[in-house]
Amino acid sequence: MSAVATQHDHAHVGTHDESHAHDHAHHSVSFIRKYIFSTDHKTIAKQFLATSMFFLLVGGAFALFIRWQLAYPGEPIPLVGKWLPDSLVSNGAVQPGFYTQLVTMHATVMIFFVIIPMATGAFANFCIPLMIGTDDMAMPTVNMVSFWLVPIAGLTIMSGFFVEGGTAAAGWTNYPPLSASGTGHMLWVIGVFLVGFSSILGGMNYLATTLNKRAKGMRMFDMPLTVWALFITSILQVLGTPVLASAMSLLFVDQVFHAGIFIPENLLTANGGLYPSGANVGAGGGGQPVLWQHLFWFYSHPAVYIMIVPIMGVVSDILATFARKAIFGYKAMVFAIMTIAFLGFVVWGHHMFLSGMSPLLGTTFMLSTIVIAVPSSIKIFNWLGTVWKGNIHFTTPNLNALGFISTFVCGGLSGVFMAIGPIDVYIHDTYFIVAHIHYVLFGGSLFGIFAGMYYWYPKMFGKMYNETLGKFHFFLTFITFNLCFFPMHMIGVGGHMRRIYDPYVYEFLKPFQPINQFITIFAIAMGFAQLILIFNLLWSLKFGRKAPRNPWRANTLEWAAPAHPGHGNFDRDITVYRGPYEFASPESKRDYLPQWIRPAHIEQETAVAEKH
Amino acid sequence: MFDFSWNMLTYFPPGISTYSEAHDDLFRLVYWISAAIFVLVQLTLVVFIFRYRARPGHKSIYYHGNNVVEFVWTLAPTVLFAGLGLYSDEMWKVMKYSSRIPTPDMEIDVVGQAFNWHVRYPGGDGILGKRHARYRSAQNLFGIDPADSHGKDDIVLTGEFNLPINKNVVVHLSSVDVLHSYFLPNFRIKQDAVPGSWIEVWHNGTKSGKYELACAELCGSGHYAMRAVLNMQADADFAKWMEGKITAKKAVLAAEAANPQPVAPAPAEAAAPAGEHHGSSH
């Protein structure tokens with residue numbers, strides 16, 4: 001340690017946990033315990049990050065195959081078509097059965113193996129202990145298990161490509177009776193069950209950690225919004241995911257034992273290749289297909305908030321840091337997140353307006369759904385209020401955060417249309433819905449994830465990423481994203497259905513082929529633009545400039561830790577003296593004032609911190 | 001060649017039902033409100049980004065928020081969105097509440113089967129025969145009760161069907177295998193076809209012509225091809241068409257009477273609830 005660090009030690013009258021120091025002095029672990037079966041939250045975060053990035057490329061490839069088929073039906077996929085097996089393609093062109101697998105797997109991978117693990121695996125793991133000033137999660141071994149469930153679940157589902165009949169092909173929503181037979185659907189159900197437990201275990205851990213391990217002086221309302229958002233998301237995970245597990249269990253019982261939970265009596269079976277293996281769904285009897293939808297959506301609606309709420313927290317912290325200004329309405333932001341989370345549990349029926357459930361429920365779900373726009377609007381206004389009269393620095397993380405606001409507004413507004421039952425009658429299962437989904441999940445979640453990845457890269461890896469490449473990645477992605485997804489609103493209004501292998505079978509859809517081609521071209525460009533990000537992340541690991549502790553001059557506790565912290569995180573005692581957003585404070589000559597700087601020593605401690 | 005327009009309202013296919021205009025009006029209302037909010041927010045963002053960009057001599061202010069402003073921008077959206085929801089409920093009721101279905105001028109059964117649409121008309125006697133799930137088979141998709149004489153003359157068509165214009169038509173919708181969805185874009189109506197349920201859908205088309213029926217719920221690899229054609233006809237033309245079908249059916253029945261085919265064995269057990277055909281679960 002340098003002389004500067006010694007200065008810190010002497011400055012503390014407080015306790016230094018001797019046993020804590022002792023543990024970390026004798027901590028040589030095997031390669032396997034350090035990198036493979038690690039219990040360190042930062043390593044686990046990186047494992048989640050790497051796995052999610054891998055699946056992002058897999059899910060992205062699936063999307064490009066779908067887009068190729070929609071633009072040029074029956075044409076061989078360029079470059080890779082000839083390498084795909086004959087069960088999937090014909091002369092390199094996507095076959096209808098493969099198409100239905102692609103739409104299913106694209107969504108399944110992106111939701112369960114990219115966005116959820118990124119937001120609630122990578123970010124939750126990396127940020128929570130560091131931002132609350134502690135050494136690790138409350139339950140490090142549970143944490144390790146929660147990561148390993150993800151690749152195991154992923155392998156389970158992907159193995160569906162190698163079984164008879166192929167992988168799951170009933171959409172990521174997996175509605176029975178279509179999903180009630182086929183080995184691929186069974187593997188999917190098992191895989192989702194497993195990845196659901198990753199989520200539940202993670203959520204439990206984050207709740208325990210946030211409630212019990214905050215640094216001295218940190219009250220709940222001193223926590224940054226990233227932590228608040230993850231805390232509330234954890235409640236969603238813990239309450240909602242078990243219902244998903246129940247749905248999967250029940251469907252599994254129908255698939256394997258033909259119990260007839262979701263299967264009504266006397267259905268006609270295999271007919272013209274409907275069930276690929278000619279399997280009999282079973283005589284069944286008395287089952288209700290709509291029951292699945294209730295169980296599935298009771299989880300899957302909160303799931304979409306699981307995917308966006310952490311990101312909203314991350315974006316809040318990034319915007320404040322780079323506007324050099326407190327988040328506007330911190331408490332209002334917390335209450336808005338709580339409201340979104342609560343309301344998120346009572347709106348699931350808006351996915352089922354046309355399912356055949358009682359139309360009276362359509363009225364009630366329409367009203368509960370449309371008011372969920374209110375807390376989201378509050379957040380948008382508060383973000384605008386944050387940059388108002390700020391001093392905005394356009395770093396890559398901030399560009400992505402600002403881009404998030406822009407695209408999330410669009411996604412939120414398109415949601416209003418489908419919240420309204422009679423309008424949803426028309427746009428349900430059309431590309432209008434697909435446009436909405438991608439504006440909130442890609443425009444929202446993914447841009448927010450990019451923002452967070454660039455923001456915490458210096459802390460995660462001790463290196464700076466390349467700023468020029470970062471900006472280039474942002475602009476290219478933002479432009480191609482909008483050109484790709486905005487036209488989907490148009491064709492949706494035109495009635496263009498989802499999950500359609502060849503739309504031009506329909507006269508009324510023939511005129512949309514040029515638009516589908518336009519979308520595809522920009523989808524391909526957008527896909528390849530992500531290679532810039534991957535290159536930047538990997539290249540900077542080796543060749544990036546060494547990062548200082550607090551390159552962004554931010555206020556939250558993670559920036560008190562060394563760049564690339566070791567096991568145990570902090571090299572000093574942490575006490576919290578103020579909230580997380582004291583930018584432009586009159587108490588300091590600088591435009592920031594970190595949470596851990598002692599009030600009587602602001603000038604000297606900040607000066608010292610900057611020298612690291 | 002399609003003319004691309006940034007105004008998404010221009011993409012609607014022609015609306016020809018008695019509620020398509022009201023539906024489109026509601027869509028337009030939401031569209032313009034959303035467009036206004038969209039422009040306002042994006043413009044504000046761009047102006048702020050420019051005005052408050054970091055530059056030499058420029059500073060941020062020390063400011064944590066304003067509760068009055070929070071109250072205002074909580075109340076205003078709540079009033080707007082709740083109002084929109086309450087306002088829209090009338091349209092929802094018109095399209096979907098059973099109690100609001102007008103007295104039918106005509107009733108038909110429609111079932112989805114991967115990957116075809118089948119339509120059943122009442123035939124010469126004007127009455128649809130009773131049906132029940134236990135009678136369903138590949139040869140009897142609707143599960144028509146063989147004992148019911150009214151069912152014998154029922155006409156079943158696949159892939160293409162006709163309806164009269166300016167008549168309230170009630171469709172009893174179901175499926176024989178998996179979920180499908182009955183989507184008539186020009187009528188602005190859609191309803192999932194649920195196996196094990198019969199769900200009522202109503203529509204009244206006001207313009208003759210050829211319209212497409214699409215399946216809008218993924219039902220297997222052939223989902224994309226599950227298309228049917230609906231011919232809307234003026235009364236007189238429809239009556240003529242229907243006569244032709246009835247006559248053809250009579251001929252088929254006569255031929256069968258002359259050459260009886262072996263009857264398929266009756267399906268198994270299950271105590272029989274009365275086989276009504278309004279909103280029953282069989």
| note | For chain B, averaging the sequence separation of alpha carbon pairs under 8 Å that lie six or more residues apart and dividing by its residue count, the contact order in percent is 19
| request: At 0.36 nm per residue, minus the direct Cα-Cα distance, what do residue A:393 and residue A:87 gain on full extension? Give it in nm, one decimal, please. | output: 104.9 nm
| Can you work out ³J(HN,Hα) from phi for every residue in segment A:589-606, in order, using Karplus 6.51 cos²θ - 1.76 cosθ + 1.60 and θ = phi - 60°, giving whole Hz and x for Gly and Pro? | 6, 8, 8, 9, 8, x, 5, 8, 7, 5, x, 7, 10, 4, 4, 6, 5, 5
| task | Subtracting the Cα-Cα distance from 0.36 nm times the residue separation, let me have the gained length for residue B:28 to residue B:98 in nm, one decimal. | result | 22.6 nm
| Taking Cα centroids, how far is segment B:206-254 from segment A:417-455 in Å? | 36
| note | Partner shielding of B:41-51, taken as the mean number of other chain Cβ atoms within 10 Å, equals 5
| query | Out of A:412, A:457, A:380, whose Cα points farthest toward the positive end of the dipole of segment A:369-498 (charges: +1 Lys, Arg; -1 Asp, Glu; placed on Cβ)? | reply | A:457
| said: How shielded is A:405-412 by partner chains, expressed as the average number of their Cβ atoms within 10 Å of its Cβ atoms? | reply: 3
| remark: Measuring from the longest principal axis of the C-alpha atoms of chain A, the long axis of helix A:140-158 (C-alpha) lies at a number of degrees, nearest 10, equal to 30
| remark: Between residue B:239 and residue A:358, Cβ-based FRET efficiency (R0 30 Å, step 0.05) works out to 0.25
| field | Under Karplus coefficients 6.51, -1.76 and 1.60, residue-wise ³J(HN,Hα) of segment A:74-79 in Hz, glycine/proline x | value | x, 8, x, 5, x, 6
| said: Can you find, among A:28, A:123, A:141, the residue sitting farthest towards the positive end of the charge dipole of segment A:17-174, where Lys and Arg contribute +1 and Asp and Glu -1 at Cβ? | reply: A:123
| remark: Per the helix-only model, the protein assembly as shown has a calculated mean residue ellipticity at 222 nm (DSSP H runs of ≥4, -39500 (n - 2.57) each, divided over all residues, rounded to the nearest 500) of -17000 deg cm²/dmol
| request: Please tell me the relative contact order of chain A in percent, rounded to the nearest whole number, where contacts are Cα pairs under 8 Å and at least six residues apart. | output: 15
| remark: So the angle from the long Cα axis of helix A:41-71 to the longest Cα principal axis of chain A, reported in degrees to the nearest 10, equals 30
| query | So how many Å³ per residue does the convex hull of the Cα atoms of segment A:186-240 work out to? | reply | 68
| remark: Here FRET efficiency (C-beta to C-beta, residue B:147 to residue A:61, R₀ 45 Å, nearest 0.05) is 0.20
| query | When a footprinting reagent is the concern and you count Cβ atoms within 10 Å, what order do A:130, A:250 take, fewest first? | reply | A:250, A:130
| remark: Here the percent of antiparallel bridges among DSSP beta bridges lying wholly in the protein assembly as shown, to the nearest 5, is 70
| Estimated distance in nm for a label pair at residue A:257 and residue A:141, the labels positioned 7 Å out from Cα along Cα-to-Cβ | 3.2
| query | Say each of residue B:253 and residue A:518 gets a label point 7 Å from the Cα, pointing the same way as Cα to Cβ; how far apart are those two points in nm? | reply | 5.5
| What order do you get for B:64, B:180, A:258 when you list them from fewest to most C-beta neighbours inside 10 Å? | B:64, A:258, B:180
| said: Helix A:289-323 against the longest principal axis of chain A: what's the angle in degrees, Cα atoms only, rounded to the nearest 10? | reply: 30
| query | P(r) tail for segment A:328-399, what percent of Cα pairs lie past 15 Å? | reply | 64
| Residue among A:187, A:80, A:166 farthest towards the positive dipole end of chain A, charges placed on Cβ | A:80
| task | Take every residue in peptide B:178-187, count the Cβ atoms of other chains within 10 Å of its Cβ, and give the average of those counts. | result | 5
| message | What distance in nm lies between label points placed 7 Å from Cα along the C-beta direction at residue A:598 and residue B:79? | response | 5.3
| said: Amide H of residue B:173 versus every other amide H placed in the peptide plane: which residues, excluding those fewer than 5 positions away on the same chain, fall under 5 Å? | reply: B:110, B:199, B:200, B:201
| query | If you place +1 on the Cβ of every Lys and Arg and -1 on the Cβ of every Asp and Glu, how big does the dipole about the Cα centre of chain A come out, in debye to the nearest 20? | reply | 1260
| remark: Per principal axis, largest first, the Cα atoms of the protein assembly as shown extend in Å by 109, 54, 50
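Laboratory data are not the source of any read-out in this text; all were calculated from the coordinates shown. Note that the structure is a prediction, hence the values are computed from the model and not measured. Neighbour counts run over all protein chains shown; Cβ positions are idealised from the backbone, glycine included.
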